[in-house]
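Some notes on the structure that comes next.
Read-outs throughout are calculated quantities, based only on the coordinates presented, and are distinct from any laboratory measurement. Since the structure is predicted, the reported quantities are computational estimates derived from the model, not experimental observations. Glycine also receives a Cβ, built like all others from the backbone with ideal geometry; neighbour counts cover every protein chain displayed.
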Amino acid sequence: MTSPESVARRVVRQLLEALLFEGLIPWCCTDSTSGSWQLLRFRMGELNGECLGRIRGFGRVQLNTASLSLTLKGRAVPADLAVLSEQLPATEAQRTVLLRELQATVNNSAASPPHRDRRALGAEALDSALHEGHPYHPCFKARSGFSREEQRHYGPESGRCFRLHWLAVRRDQCLAHLPVAEETFWQRELGTETAYLLRAAFNRVGANWQDYCALPVHPWQWRHLKTTTLAPALARGDALHLGPLGDRYRASQSVRSLFNASRPGQASVKLSLGIGNTSSRRHLEPHSVPSAPQISRWLQTVVAGDDHFVRPYPLRLLPEYASLIYTGHGGQPTEQSGLAGALGSIWRLGIDRQLHTGERAIPMNALSMLEADGLPFIDPWLQLHGVMPWLEALIDTLVLPVWHLLIAHGIGIEAHAQNSLIVMRGGWPVALMLRDFHDSVEYVADFLPPDAAGPSFGDRQAFYDDAPDDRYYRMGQVEALRELVMDTLFVFNLSELAQVLEIHYQVPEAVVWAQVRHCLDGYARRHPELTARLAQVGHHRNPIATESLLTRTLRGPGAGECHHPIPNALAARRDTPSLNNH
């Protein structure tokens with residue numbers, strides 16, 4: 001187990017790095033254009049601080065908190081979370097909430113078992129074994145709402161498996177989007193025996209299939225809803241509890257997405273889960289659940305219609321092909337309902353279904369992790385293939401499919417390090433696999449190619465057509481797509497791998513961004529027909545905007561989107577490091 005002291009140091013570091021990066025507190029350094037280590041000075045409320053740090057690509061701040069010193073009214077004070085939280089630029093209520101989440105992150109992380117070597121694990125087991133949490137947000141393992149016992153039962157660290165609870169809910173209070181007839185769907189998803197047990201459970205509680213449909217629920221969610229917001233529906237008979245049944249599931253690194261442990265390779269199920277993590281409530285957006293299959297079908301149609309996604313930009317999707325959501329009276333999912341997004345499920349194609357013989361899928365964030373031997377997860381592959389050849393292949397594999405989807409098709413996708421899996425053959429990157437589309441896809445109507453259609457939502461089309469831009473999937477400006485893609489590919493994704501390569505293999509971070517520029521410049525040369533569209537995206541502009549994750553947390557519920565300007569590591573042209581010297 002990791003000591004609470006070492007976890008607390010990490011939380012303090014990530015808190016301060018985020019505060020400095022997002023400009024939430026005043027600070028200064030000797031040379032903001034240099035990536036070298038230097039003394040950074042900052043002020044937070046009545047606190048004055050000094051710490052060795054450096055300014056990395058895209059303005060990301062890296063601190064060496066072993067050198068951190070804090071003074072309060074001229075007296076030295078310890079760098080602990082209680083001291084820091086009192087001086088945060090936020091209301092007292094928000095400071096209290098954040099301190100609670102920071103302390104929960106320390107406790108939950110310290111209780112995690114030490115990981116064994118994960119290099120040989122299959123995709124699902126590896127995903128569940130990635131316990132490190134978000135490398136930027138300081139509340140990376142808050143899991144507000146989980147008790148210590150619930151953390152052991154339902155967190156991925158324990159590896160425990162559990163059955164889902166099931167409800168029968170009135171059909172006029174549920175939206176179902178299934179790819180086949182309902183009976184066929186449950187037979188296929190649950191298997192013959194469990195489908196029979198589900199029918200038997202309906203009979204046991206006196207529900208019939210004409211009036212009720214089945215809905216799986218996370219056991220934690222059931223326990224916390226049955227006596228609160230769901231109690232009136234249970235009392236009226238609008239929802240009937242069927243108990244736990246069927247396959248056992250294991251939590252993924254995202255906690256609410258579950259892998260089938262009884263039948264590995266079957267669909268994963270994403271469920272509403274009312275805990276908080278990285279200061280976000282983990283319910284499902286009500287509108288997005290019935291739209292998930294339609295968004296996936298749209299993406300599948302786009303990808304299948306462009307041979308570039310077979311070669312040279314191989315892209316494989318893990319579509320969300322079925323969904324159910326409890327809507328309550330009215331029959332439509334709304335944000336105003338007391339149960340908004342609290343009871344919903346989305347089925348996603350299993351990872352192994354998109355792999356060929358001899359291939360492995362590796363979550364992108366695994367590539368930045370260290371193993372029990374103290375070496376990076378990727379070390380055997382770098383020793384086998386060479387650092388720079390492997391890095392070039394990885395950048396092409398990760399970046400070009402997402403970039404082509406943006407530039408050629410006008411679709412921005414949230415390819416952050418949990419949503420992106422790299423398909424490897426013998427440790428060599430060969431394709432990109434993407435997942436989790438229901439709330440992570442954006443487009444601008446005027447930026448879609450001529451004669452290309454946006455997503456089709458069937459009888460819910462008017463709901464989206466009448467909504468304002470920037471509310472759901474349709475954005476008002478191409479800039480929103482640029483920010484989404486560059487944030488999730490570069491600012492908060494490849495930047496983590498760049499740091500590992502610099503520390504362990506002496507590859508300067510500037511070399512990584514030079515390789516990315518080389519990759520994107522090559523794309524532009526191969527596609528002169530897209531020159532005008534590349535100019536609209538403007539990925540070379542300097543500065544650029546990025547999402548302010550901690551700012552939004554400090555502003556509290558209802559804060560909306562928060563952004564701040566950062567230097568663009570892809571804009572620099574002069575003094576580009578040689579790609580051949582490392």
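Values computed for the structure shown
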item: Difference of contour (0.36 nm per residue) and Cα-Cα distance, Asp31 to Trp428; result: 139.1 nm
item: Two-site label geometry, Ser69 and Glu392: point separation in nm, points 7 Å out along Cα→Cβ; result: 4.7
item: Coil-residue trypsin sites (Lys or Arg not before Pro) of segment 1-80, DSSP, other Cβ within 10 Å capped at 14; result: Lys73
item: Ascending count of other beta-carbon atoms within 10 Å, so fewest first, for Thr227, Thr65; result: Thr227, Thr65
item: Extension gain, Asp117 back to Asp80 (0.36 nm per residue minus Cα-Cα distance, nm); result: 10.2 nm
item: Karplus-derived 3J(HN,Hα), 6.51/-1.76/1.60, for each residue of segment 259-271, Hz, glycine and proline x; result: 9, 6, 7, 6, 9, x, x, 5, 4, 8, 10, 9, 10
item: Among (i) 26.3; (ii) 36.9; (iii) 27.7, the entry derived from the coordinates for mean projected area of the Cα convex hull in nm²; result: (i)
item: For Tyr212, distant residues with modelled amide H under 5 Å away; result: Arg171
item: Nearest 10 degrees, 0 to 90: helix 288-304 Cα axis against the chain principal axis; result: 70
item: Between segment 49-77 and segment 391-419, the alpha-carbon center distance in angstrom; result: 34
item: Sites His540 and Asp466, calculated FRET efficiency, Cβ-Cβ separation with R0 35 Å, nearest 0.05; result: 0.45
item: Largest to smallest principal axis extent of the C-alpha atoms in segment 4-110, angstrom; result: 36, 31, 23
item: Separation between Cα centres of segment 421-442 and segment 355-389, rounded to whole Å; result: 15
item: Percent RCO, i.e. relative contact order, over segment 125-241, from Cα pairs under 8 Å lying at least 6 residues apart; result: 33
item: Relative exposure of Leu72, Leu405, Leu190, judged by other C-beta atoms within 10 Å (fewest first); result: Leu72, Leu190, Leu405
item: Of all DSSP beta bridges in the chain, antiparallel share, percent nearest 5; result: 95
item: Sparse-neighbour loop sites [trypsin sites (Lys or Arg not before Pro); segment 502-574; at most 13 other C-beta within 10 Å; DSSP]; result: Arg541, Arg573, Arg574
item: Label zone at Glu46 (point 7 Å along Cα-to-Cβ), backbone N below 13 Å, segment 83-116; result: 83-84, 86-88
item: Fewest-first sequence of Val205, Val491 by Cβ atoms within 10 Å of each Cβ; result: Val205, Val491
item: Stretchable slack from Arg525 to Val180, in nm (0.36 nm times residue separation minus alpha-carbon distance); result: 119.8 nm
item: Sites Gln506 and His356, calculated FRET efficiency, Cβ-Cβ separation with R0 45 Å, nearest 0.05; result: 0.80
item: Relative contact order of segment 356-566, defined on C-alpha pairs under 8 angstrom at six or more residues apart (%); result: 20
item: Residue-averaged 222 nm ellipticity for the chain, from DSSP H runs of 4+ at -39500 (n - 2.57), nearest 500; result: -10000 deg cm²/dmol
item: Mean separation of Cα contacts under 8 Å (6+ apart) over length of the chain, as relative contact order %; result: 13
item: Low-density loop positions, trypsin sites (Lys or Arg not before Pro), segment 134-184 - DSSP coil, at most 16 other Cβ in 10 Å; result: Arg160
item: Under 15 Å from Lys73, Cα to Cα: aspartates and glutamates that are on another chain or at least 8 residues apart; result: Glu46, Glu50, Glu86
